[in-house]
Amino acid sequence: MRDIAIVAYSQSPCVADAGAANEVELIMPQLQAVYAQVGIDNAQAVDFVCSGSCDYLQGAAFAFVAGVDALGAVPPIKESHVEMDAAWALYESVLKIRMGHADSALIYGFGKSSPGELPTVLSQRLDPYYLAPLWLDTVSLAALQARLLLEQGRVSERQMAEVVQRSRRNARANPLAQLAGDPSLDDLLAEEPFVAPLRRSDCAPVSDGAAAMIIATVEQARTWGVPYARLTGIDHRMENHNPCLRDLTRSTSTRQAAEALGVSDAPVDVAEIYAPFSHQEILLCEALGLGQETQVNPSGGVLAGNLMMASGLARVGEVFRRVVAGEARRGVAHATSGPCLQHNLVAIVEGA
Amino acid sequence: MAERAAVVGIGQTRYKSKRQDVSMAGLLREAVDRALADAGVSFDDIDAVIMGKAPDMFEGVVMPESYLADALGAVGKPMLRVHTAGSVGGSTAIVAASHVQSGSFRRVLAVTWEKQSESNAMWALSTPQPFAVHLNAGAGGYFAPIIREYMRRSGADPNTGIRVAVKDRRHGARNPLAHLQLPDITEQEVADSPMLWDPIRFLEACPSSDGACAMVIAAEDALSGDKPPAWIQGVAMRSEPTMYAGREEVNPQAGRDCAADVYAQAGIRDPRRELDCAEIYVPFSWYEPMWLENLGFADEGEGWKLTLSGATSLDEGGDIPWNCSGGVLSSNPIGASGMIRFAEAARQVRGDAGDHQVPGARKALGHAYGGGAQFFAMWVVGADRP
Amino acid sequence: MSEDVAVMQAPVYLQYHFTAGRAPTRFLRRLKEGVLSGQRCPRCSQVYIPPRGSCPACGVATEEEVILSDKGTVQSFTIVHIPIPGNPIDPPYVVANIVPDGANISFIHLLSECDNREVRIGQRVEAVWRPREEWTWAMENILYFRPLDEPDVAVERIGTLPVTGLEG
């Protein structure tokens with residue numbers, strides 16, 4: 001199988017409201033940034049383009065079609081789209097390179113959630129016959145999960161606050177983060193419940209923005225003459241939809257993907273985990289088999305800023321940046337989708 | 001470098017305007033269960049599930065693959081959701097094939113669907129935005145001016161669209177799954193049907209259907225079932241922007257480039273001679289002559305002559321029958337329509353197309369397009385191993 | 001109790017605060033003043049209306065605003081025989097792709113005050129605006145377009161006329 005290199009990554013600042021900017025205006029600066037990193041002019045210089053987005057975020061059908069206007073797709077290009085986080089657009093692109101139909105690919109994800117009420121919009125992702133009519137929003141579902149973990153003694157409120165504290169502190173070094181600071185555990189624990197047992201700080205903020213990445217064969221990366229990291233593994237698994245049909249205190253699909261990739265076969269220096277709620281980071285670390293030696297979410301993770309439909313790709317990008325900078329030799333990135341971690345993707349990024 | 005892959009199982013629902021007898025999951029399972037049975041495999045033998053459909057607003061369920069995971073046997077497996085507008089049925093087949101062709105998977109399930117009766121599709125596509133007037137003219141209003149421009153430049157016989165409308169419905173009458181069953185349709189009836197978006201008449205436009213289509217795609221060492229495999233000999237996708245200054249809308253370059261790519265992979269130089277039949281996305285009758293030219297079956301401005309000659313008609317014994325299944329003009333569950341084209345091409349080369357079989361077909365083209373005729377997906381399948 | 005119920009209505013309402021985009025916002029502000037405007041691509045010089053913030057062909061951001069004429073040319077058209085929900089206009093009516101003078105791309109609008117049988121590709125048309133006091137940030141400020149008493153534009157010249165129109 002062909003070795004795949006990550007050669008460029010860029011992400012917009014996480015902001016609660018991107019104001020007047022439309023999707024194209026959100027995407028373009030990130031595309032220009034990854035083109036500049038590789039030294040190319042536009043999407044014509046790569047063999048394949050794949051994007052991830054969700055029409056319902058901005059409430060317009062075919063929102064992704066506007067994304068094509070950012071690419072300079074004249075003459076026509078090889079292009080595809082997933083109605084998923086762009087981490088899965090990365091997955092599709094990897095298959096395209098492995099089968100030999102592309103030597104390079106541009107991946108981007110974008111979301112403008114501010115026009116709607118994201119937790120309510122996502123309630124309509126549930127089973128349309130039995131669950132969606134209840135308008136169970138994503139925060140309430142995550143609160144049910146947190147309650148189970150707390151009651152079973154698997155997680156404590158103090159551990160959840162520690163996750164938040166570490167996110168805020170790490171985010172101080174991340175100029176793109178939306179929430180950063182140095183809150184004390186006592187302050188965090190003194191916060192009023194939001195959707196009990198979750199406090200507002202246990203929940204990722206809603207952010208507008210975009211992220212882009214370029215991957216290539218190792219040969220193409222060398223031709224471009226740019227620093228790269230190797231994407232040595234990527235896998236993803238689905239779980240039952242109905243939260244009552246699975247053990248919400250474990251992330252079985254994350255463990256399946258991690259085991260299939262052999263995450264634990266070698267030391268993991270850094271991990272970027274897509275945990276929109278603090279308790280989920282704890283159970284995801286467990287499912288990934290991470291130990292004390294792994295630095296978790298040095299960017300602050302999505303608790304510091306959550307670009308819907310791009311946060312998963314951003315996790316891979318954050319690990320890439322640290323591996324290329326020499327801060328880590330081997331890192332793990334994780335992406336999630338669906339209610340209470342229904343669908344999970346794991347990727348391994350290693351030094352060249 | 002790509003690993004060989006073949007279609008070993010195909011399943012489709014009966015297409016109908018309202019399938020009120022089944023849930024969304026039930027609709028998909030009707031197609032999926034048939035595809036698995038056709039391939040002689042069970043969910044345990046499937047390594048990944050790839051699902052495609054057109055906008056979520058057609059049913060009002062956000063990212064419905066989450067809810068459908070259980071019914072599709074995807075638990076514990078990778079599952080991907082493709083959405084590339086109207087071409088999505090074709091793209092989903094291509095993305096599914098890439099799972100096998102990349103050497104990463106042995107056997108995958110691809111499924112596409114639409115249950116438009118669950119919502120109001122016309123409304124779903126017309127959320128008002130201030131920089132355009134709200135005419136609610138739909139896809140017909142968008143494509144009618146392009147068809148008019150084709151008629152102007154080609155000087156086509158104005159009856160060409162009527163001929164296609166009759167031909168595809170007669171083909172559809174051979175296919176028990178087709179939504180419209182109009183075995184006795186006449187040219188006069190089409191000509192007399194109400195004009196909707198001039199020059200498109202009611203009977204020259206596709207219906208709106210509920211339905212699903214599924215395929216099992218397998219690696220060379222994982223073939224199964226009693227029927228011959230349909231080998232994938234080429235896959236291609238192309239996209240261009242909806243609008244740009246000087247865009248060729250009648251004969252889009254993305255379509256021409258996509259066809260050239262897929263023909264090169266399949267070793268085809270003269271599609272009319274070397275292909276035995278084709279399943280082409282024709283939602284409005286005039287798109288047959290337009291795509292005949294775009295896909296290289298006829299020279300520019302000559303497509304309508306090929307249609308009028310009967311070359312694309314199974315009933316008239318044409319040399320290059322198009323849309324023997326009845327095509328999009330007979331059944332149109334939007335998100336599945338592209339995959340139906342791909343699956344029907346595969347049925348032909350497997351010799352399994354029932355009453356609409358082209359005798360001895362060994363090589364066929366499947367085609368899908370979407371958006372403002374800007375997204376294209378195509379594959380060539382054959383009876384012969386590539 | 002009836003066993004025959006197959007469908008029940010369960011309307012889903014989601015509220016969104018629509019944002020047009022930076023480039024479309026400039027376009028809509030001009031429309032409020034009764035002016036059509038576009039943006040020019042810095043690379044290929046083509047003028048887009050309504051501007052979306054990029055040149056789709058080149059994939060570069062557009063910035064330079066170009067004031068356009070409210071006269072234009074019919075690039076193509078259809079005669080629609082289906083009523084528009086909530087619109088008083090009676091079918092059959094003409095929906096046309098119109099390229100305003102000074103732009104290189106068409107938009108869709110109504111064509112009225114004409115004999116539908118006389119509408120043709122290359123025909124010259126002009127905007128009929130609503131009364132000034134009704135102007136808002138919407139394309140509906142233009143009621144429809146109507147034919148101009150000018151010679152037709154040759155097909156190969158459609159989409160290339162300067163803002164001054166035929167004389168230019």
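The values are calculated or read from the model by the stated rules, or taken from the named source; none is laboratory data. Nothing here was measured: the structure is a model prediction, and the numbers come from that model. Backbone-built Cβ (ideal geometry, glycine too); neighbour counts: all protein chains shown.
Descriptive notes on the structure:
- The criterion of being surrounded by 21 or more Cβ atoms within 10 Å (Cβ to Cβ), modelled with pLDDT of 95 or more, touching a strand residue (DSSP E or B) at 6+ places or on another chain (Cβ under 9 Å) and part of a loop (DSSP other than H, G, I, E, B) does not hold for A:Leu126.
- Annotation: of all residues in region B:337-386 being in a helix (DSSP H, G or I) and touching a helix residue (DSSP H, G or I) at 6+ places or on another chain (Cβ under 7 Å), the one that is surrounded by the fewest Cβ atoms within 10 Å (Cβ to Cβ) is B:His356.
- Listing of strands (runs of 3 or more DSSP E) fully contained in region A:1-106 that carry 2 or more residues being more than 22 Å from B:Arg81 (Cβ to Cβ): A:4-11
- Unique residue being more than 30 Å from C:Pro50 (Cα to Cα), in contact with a helix residue (DSSP H, G or I) (Cβ under 6 Å, 6 or more places away or on another chain) and not hydroxyl-bearing (Ser, Thr, Tyr) when the list is B:Trp304, B:Trp286: B:Trp304
- Qualifying residue in region B:55-75 (condition: more than 11 Å from chain A (Cβ to nearest Cβ), free of Cβ contacts under 8 Å to residues at least 60 places away in the same chain and in a helix (DSSP H, G or I)): no
- Considering residues of region A:83-105 that are at the interface with another protein chain (Cβ under 7 Å from one of its Cβ atoms) and in contact with a Lys or Arg (Cβ under 6 Å, 6 or more places away or on another chain) only, the residue surrounded by the fewest Cβ atoms within 10 Å (Cβ to Cβ): A:Arg98
- Within region A:128-137, one or more residues are on the phi > 0 side of the Ramachandran plot and not aliphatic (A, V, I, L, M).
- Residue within region B:97-117 that is under 25 Å from B:Glu249 (Cα atoms) and modelled with pLDDT under 95 present: no
- Within region C:3-18, none of the residues are within 18 Å of the chain's Cα centre (by Cα) and not in a helix (DSSP H, G or I).
- Pairs, first part of a helix (DSSP H, G or I) in region B:179-190, second among the small types (Gly, Ala, Ser), C-beta under 7 Å, six or more apart: B:Val190/B:Ala165
- Of the candidates B:Gln101, B:Gln12, the single residue that is surrounded by 23 or more Cβ atoms within 10 Å (Cβ to Cβ), over 30 Å from A:Asp137 (Cα atoms), facing chain A (nearest Cβ under 7 Å) and not charged (D, E, K, R) is B:Gln101.
- Count of residues meeting criterion [in a strand (DSSP E or B) and not aliphatic (A, V, I, L, M)] in region B:197-252: 11
- Qualifying residue in region B:253-274 (condition: under 25 Å from B:Ile147 (Cβ atoms), outside any helix (DSSP H, G or I) and more than 17 Å from the chain's Cα centre (by Cα)): no
The rows are residues; the columns are (1) of a type in the set (Val, Ile, Thr); (2) touching a Lys or Arg at 6+ places or on another chain (Cβ under 8 Å).
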position: C:Val12; (1), (2): yes, no
position: C:Thr19; (1), (2): yes, yes
position: C:Arg26; (1), (2): no, no
position: C:Leu31; (1), (2): no, no
position: C:Pro42; (1), (2): no, no
position: C:Ser45; (1), (2): no, no
position: C:Arg52; (1), (2): no, no
position: C:Pro56; (1), (2): no, no
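- Note on region A:232-248: among residues that are more than 7 Å from every other protein chain (Cβ to nearest Cβ) and aliphatic (A, V, I, L, M), the one that is surrounded by the fewest Cβ atoms within 10 Å (Cβ to Cβ) is A:Leu245.
- Taken as a whole, the structure places A:Tyr108 among residues that are touching a strand residue (DSSP E or B) at 6+ places or on another chain (Cβ under 6 Å), within 14 Å of chain C (Cβ to nearest Cβ), of a type in the set (Phe, Trp, Tyr) and under 24 Å from B:Gly370 (Cβ atoms).
- Top-ranked residue of region C:22-53 - restricted to ones that are touching a residue at least 24 places away in the same chain (Cβ under 8 Å) and hydroxyl-bearing (Ser, Thr, Tyr), ranked as farthest from the other protein chains (Cβ to nearest Cβ): C:Ser37
- Looking only at region C:92-106, residues that are of a type in the set (Asp, Glu) and either free of Cβ contacts under 8 Å to residues at least 40 places away in the same chain or within 11 Å of another protein chain (Cβ to nearest Cβ) (or both) come to 0 in all.
Residue-by-condition table, conditions (1) out of contact with any Phe, Trp or Tyr (no Cβ under 7 Å at 6 or more places or on another chain); (2) in contact (Cβ under 8 Å) with a residue 12 or more places away in the chain:
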{"residue": "A:Ala190", "(1), (2)": "yes, no"}
{"residue": "A:Phe194", "(1), (2)": "yes, yes"}
{"residue": "A:Pro205", "(1), (2)": "yes, yes"}
{"residue": "A:Ile214", "(1), (2)": "yes, yes"}
{"residue": "A:Glu219", "(1), (2)": "yes, yes"}
{"residue": "A:Gly233", "(1), (2)": "yes, yes"}
{"residue": "A:His236", "(1), (2)": "no, yes"}
{"residue": "A:Thr254", "(1), (2)": "yes, yes"}
{"residue": "A:Ala260", "(1), (2)": "yes, yes"}
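- Region B:36-72, residues that are surrounded by fewer than 20 Cβ atoms within 10 Å (Cβ to Cβ) and in contact with a Phe, Trp or Tyr (Cβ under 8 Å, 6 or more places away or on another chain): B:Asp47
- Region B:225-252, subset within 14 Å of chain C (Cβ to nearest Cβ) and among the acidic types (Asp, Glu), residue farthest from the chain's Cα centre (by Cα): B:Glu248
- The residues of region C:107-121 that are more than 8 Å from chain B (Cβ to nearest Cβ) and within 16 Å of the chain's Cα centre (by Cα), listed by number, are C:Leu111, C:Ser112.
- Only residues that are surrounded by fewer than 24 Cβ atoms within 10 Å (Cβ to Cβ) and of a type in the set (Asp, Glu) were counted across region A:55-78, and they come to 1.
- When region C:54-91 is filtered for residues that are touching a helix residue (DSSP H, G or I) at 6+ places or on another chain (Cβ under 7 Å) and within 14 Å of chain A (Cβ to nearest Cβ), the ones remaining, listed by number, are C:Ser54, C:Pro56, C:Gly59, C:Ala61, C:Thr62.
- Among residues of region B:90-104 that are free of Cβ contacts under 8 Å to residues at least 12 places away in the same chain, those with a beta-carbon under 8 Å from a residue that is assigned to a helix (DSSP H, G or I) at least six positions away or on a different chain give the pairs B:Ser104/A:Leu95; B:Ser104/A:Arg98.
- Condition check for A:Gln37: surrounded by 22 or more Cβ atoms within 10 Å (Cβ to Cβ) and over 21 Å from B:Gly371 (Cα atoms): no
- One residue stands out in region A:296-352 among those that are among the hydrophobic types (A, V, I, L, M, F, W, C) and within 14 Å of chain B (Cβ to nearest Cβ): the one that is farthest from the chain's Cα centre (by Cα), namely A:Cys340.
- Assessment of region B:91-98 against the conditions (in a loop (DSSP other than H, G, I, E, B) and either more than 18 Å from B:Ala343 (Cα to Cα) or touching a strand residue (DSSP E or B) at 6+ places or on another chain (Cβ under 7 Å) (or both)) yields no matching residue.
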